[in-house]
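Some notes on the structure that comes next.
Every number here is computed from the coordinates shown, using simple stated rules; none is lab data. Remember, predicted model here, so these are calculated numbers, not experimental data. Here the Cβ positions follow ideal geometry from the backbone for every residue, glycine too, while neighbour counts run over all protein chains shown.
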Amino acid sequence: MIGELNSRIPEGPIEEKWSSHKFDMKLVNPANKRKFEVIVVGTGLAGASAAATLGELGYKVKAFTYHDSPRRAHSIAAQGGINGAKNYQNDGDSVYRLFYDTVKGGDYRSREANVHRLAEVSLNIIDQCVGQGVPFAREYGGLLDNRSFGGAQVSRTFYARGQTGQQLLLGAYSALMRQVGSGSVELHTRTEMLDLIVHDGAARGIVVRDLITGDVRSHTAHAVVLATGGYGNVYYLSTNAMMCNVTAGWRAHRRGALFANPCYTQIHPTCIPASDEFQSKLTLMSESLRNDGRIWVPSGHDEARSVSDIPEDQRYYYLEEKYPSFGNLVPRDVASRNAKTVVDQGLGVGPLKNGVYLDFADAIQRDGEDAIRERYGNLFQMYERITGEDPYKTPMRIYPATHYTMGGLWVDYELMSNVPGLFVVGEANFSDHGANRLGASALMQGLADGYFVLPYTIGNYLAPLLGESPLDESDPACSNVVQGVAERTQKWLSVNGTRTVDWFHRELGKLVWNFIGMERDKNGLEKALSEIPSLREEFEKDVRVLGSADNLNTSLEKVGRVADFFELAELKARDALERAESCGGHFRSESQTPEGEALRDDDNFSHVAAWEWGGTSGSAIRHKEELEFEYVPLTQRSYK
Amino acid sequence: MENTMTLTLKVWRQKGPLENGRFETYEIDQISPDMSFLEMFDVLNENLINNGEEPVEIASDCREGICGTCGCMINGKAHGPEKATATCQLHMRKFKDGDTIIVEPWQATSFPIIKDLVVDRSPLDRIIESGGFITVPTGSAPDANLIPVPKDAADSAFDAAACIGCGACVAACPNSAAQLFTSAKVQHLNLLPQGQAERWSRTEEMVEKMEEYFGSCTNHGECHEACPKEIPLDFIAYTNRDYVKSKRKNRNLLGQG
Ligand SMILES: Cc1cc2nc3c(=O)[nH]c(=O)nc-3n(C[C@H](O)[C@H](O)[C@H](O)COP(=O)(O)OP(=O)(O)OC[C@H]3O[C@@H](n4cnc5c(N)ncnc54)[C@H](O)[C@@H]3O)c2cc1C
Ligand code: SF4
């Protein structure tokens, strides 16, 4: 059993906590750094930036990714931008305002101290990326351009056309490859972590499978960093890349790491609606489009006229009407739920009546088609390729889809989990976004963790270990885990059932979307808690995986990931059930204001729920970390 | 469902790098024009598994045309018939009922086949590792607005930086050269003020690393035709220019010129 959760938040005024903590932490002297080995799993923004920086500092780093190259990580797909409190636009932004907006946007379910640190280092991130050659958008004078992004009333978002994530990842990837070239980082591509080695109470290494040869082996080190991304694919359909999964984090959870707030999921308001059963994933249309696009549905049911024939007074601009000050720029959760409401009322548009319009006609008239093309050209192109419709001429159709997971492995202020030596960075941890993440803040957090936080805090853990060598790979603590992984992998090949892995994943996804989606209630969650385990039993008995374990076998990779999604889904339902309040992306229909907004219950739920693995799926134990708000007064969010 | 298509697929199957490969023919029906090419393959693979046959290995991840994971030869064209479109963004409305579609992996000796339609493109990483970066250790960068970058330079650098590392340029090139990929990275960095300090070393290292693995460019331009990001060909010319200069400059720097 885990004792009291200690978040190790430093003392002192909020704006001094990080700088004084940096001074208080133990340092590893440069000559000693090479005596420490660090494993980094994941080479997306968080992992690549962490591995590159640790390599530069002189640590011996091993980096792992299941992709064929670090440049493929899901971070590459981020479109809209990255926040930085530079106040280059002179519009009143500051570190404090970014901090304030993030705590408020997260609906008061994040740690103030972490968020303030994030806002502080946001300044360094922008400098670092520009230094690496990230081609952010610029004004004619050559200085950096900014735009405002969902939920913010200042322009603090830096962007590179609609491909910000790509450009930031290529920056981090190039920094990582520089270290690979110089020998300080050993890179293992097409290698998947399938278990964590915990020995004498600390993380000592990982067990991996080579996806080409099927070899299963261990790697040991002084510390392990997980940077393995989010678990949105538990919904099957999401905007995440096809391979995103929870396995690394889940296996660590089964070895003792607490999983925090699994029910917090962000449903992104602007995605292309599904077109049929075979839909394999959903495509996000960057939320930056909401700066210029107006969202509406026809106000009458069964509207059959073409868009241009619907007169202005029969268009329902529901966000502009309900939220006059924020209009189309309300935070994501508010925008998503409102889209669901109008579609549920039967006002949806498109062949399946499963979308709402995002209309650029006014913006094109005001600024000209060229200006719109300059801002969103590639997004419009992508939309046309997928739907066959031209958004310069006819409004886009959009609908919410699962996008980001605020929950993840619990970490303290130093980004270390409750398992000593196991650090978690990027989307894989639960840290900074509370119950709802603001747009353009995930890239910021991934890079903050990887470039500017972990490289300091890991030293504080490592310094006292000087002189200790990593666990010997022939130690039974390693070989037992290796054997377990090899057996688990083989087991799937022998089930020989009748249905494909994808079939089960799709069915699981439907349960999760229906019962733990945009709106949750007690009945639905209880239903999820009975249906998920029975589907899992069927999966274990009836899944069909062909081929062998000694070469590339994508179905075999997927089956293990889906198995972990099943267990996570159950925990997600329990977490959502226990949290009998609404907050941010977690909307319990029993807990809403008369206007239909999320109604928090601060007396009972102003805490982080951190779950301990109980030995079997469904038996997890809930722990609490109480949250205190000293700087941002708790208020009911209002975007009216 | 209305308007669905029935298609014949001829797909390259190969168990491993050293095995012999062959085309297998599969019939597939009920294909909707709104499906993506890869969703059509998902359906094929579900059918195969249901019939007890091993699914076709075909790589993809983001399915948004940005991660660069996907890519195969479709009817002899890298990424298929639609211009400026990666395999994952190709939709079935570009085909018609009754079509036969031939699907093969990238073919280039520097990209060995791993299995079926999946190849090993790691030599592209080796090129980046040799110089595709600006040396700016974490924490050492000056304020981001200290050096203004003319908008045109930033835009051109972006055009080059848009490369997704898919390798279609290599697959399309009669010589299996990686000139377009390499030039895109070289010029992304060479065009920016931040990239000047390492301009000459970067160019020489990257071009020579490329030549270790890949064939030579003889200006066919097939790479640009195949490129899903339409990386402009003039980046190759700039890189050739920079390479010639770099030979002289790097020698000067060593005090020998
Ligand atoms: C379509 C889209 C658009 C977005 N747009 C924005 C935006 O505009 N602004 C913003 O701030 N955020 C945006 N986000 C969110 C943001 O992109 C992600 O939260 C962020 O990039 C996650 O980075 P990461 O490094 O934590 O994880 P990832 O980039 O997902 O990287 C995970 C890494 O872990 C590896 N990995 C995972 N499991 C294993 C394992 N078991 N073994 C080995 N390796 C493993 C993978 O190979 C990969 O390298 C967007 C997200 C999506 C889906
Ligand atoms: S240059 Fe074009 S074709 Fe070549 S790797 Fe880059 S994106 Fe692909």
Measuring from the longest principal axis of the C-alpha atoms of chain A, the long axis of helix A:369-387 (C-alpha) lies at a number of degrees, nearest 10, equal to 70
In nanometres, the difference between 0.36 nm per residue of separation and the alpha-carbon distance of residue A:635 and residue A:589 is 14.6 nm
Listing B:206, B:40 by rising number of other beta-carbon atoms within 10 angstrom, fewest first, gives B:40, B:206
The residues A:318, A:66, A:140, sorted from fewest to most surrounding Cβ atoms within 10 Å, come out as A:140, A:318, A:66
By the Cα gyration tensor axes a ≥ b ≥ c (a/c under 1.5 gives rounded; else a/b larger than b/c gives prolate, otherwise oblate), the shape of segment A:269-401 is rounded
Sorted on mean Cβ neighbours within 10 Å (highest first), peptides B:148-158, A:265-275 come out as A:265-275, B:148-158
Of B:139, B:71, B:215, the most mobile residue in a GNM of chain B (C-alpha springs, cutoff 10 Å) is B:139
Rg/Rh over Cα atoms for segment A:148-302, Kirkwood Rh, comes to 1.04
Among A:613, A:523, A:551, the residue whose Cα sits farthest towards the positive end of the charge dipole of segment A:503-640 (+1 at Cβ of Lys and Arg, -1 at Cβ of Asp and Glu, taken about the Cα centre) is A:551
Per-residue average of other protein chain Cβ atoms inside 10 Å, peptide B:30-39 -> 4
Taking every other residue with Cβ under 11 Å from the Cβ of residue A:613 and scoring Lys and Arg +1, Asp and Glu -1, one gets +1
Across A:374-380, the residue-averaged tally of Cβ atoms belonging to other chains within 10 Å stands at 1
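Could you work out, residue by residue across A:73-79, how many beta carbons of other chains sit within 10 Å of that residue's beta carbon, and then give the average as an integer?
What the average comes to for A:73-79 is 4.
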For chain A, the longest principal axis of the Cα atoms and the Cα long axis of helix A:164-182 enclose an angle in degrees, to the nearest 10, of 20
From DSSP H assignment alone, runs of 4+ in the protein assembly as shown each adding -39500 (n - 2.57), the sum over residues rounded to the nearest 500 puts [θ] at 222 nm at -11000 deg cm²/dmol
For residue A:22, counting only aspartates and glutamates whose alpha-carbon sits under 16 Å away and dropping same-chain residues fewer than eight positions off, the answer is A:11, A:120, A:412, A:414, A:449
Checked the protein assembly as shown with the C-alpha gyration tensor, a ≥ b ≥ c its square-rooted eigenvalues, rounded below a/c of 1.5, otherwise prolate if a/b is larger than b/c and oblate if not; verdict rounded
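Could you tell me which helices of chain B pass both thresholds, a Cα extent of 18 Å or more along their own axis and a mean Kyte-Doolittle hydropathy of at least 0.0, with helices taken as whole DSSP H runs?
B:37-50
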Ordering A:598-609, A:574-585, A:511-522 by per-residue average of other C-beta atoms within 10 angstrom, highest first, gives A:574-585, A:511-522, A:598-609
Longest principal axis of chain A (C-alpha) makes with the long axis of helix A:554-578 (C-alpha) an angle, in degrees to the nearest 10, of 70
Flagged as over-length at 18 Å C-alpha distance, from A:393/B:94; A:104/A:572; A:35/A:60; B:185/B:229; B:83/B:229; B:151/B:245, the pairs are A:393/B:94; A:104/A:572; B:151/B:245
Assertion target for A:200, B:242, ordered by fewest C-beta neighbours within 10 angstrom first, is A:200, B:242
Beyond 23 Å (Cα-Cα) in this structure, taken from B:15/B:209; A:281/A:558; A:340/A:522, we find B:15/B:209
For chain A, averaging the sequence separation of alpha carbon pairs under 8 Å that lie six or more residues apart and dividing by its residue count, the contact order in percent is 20
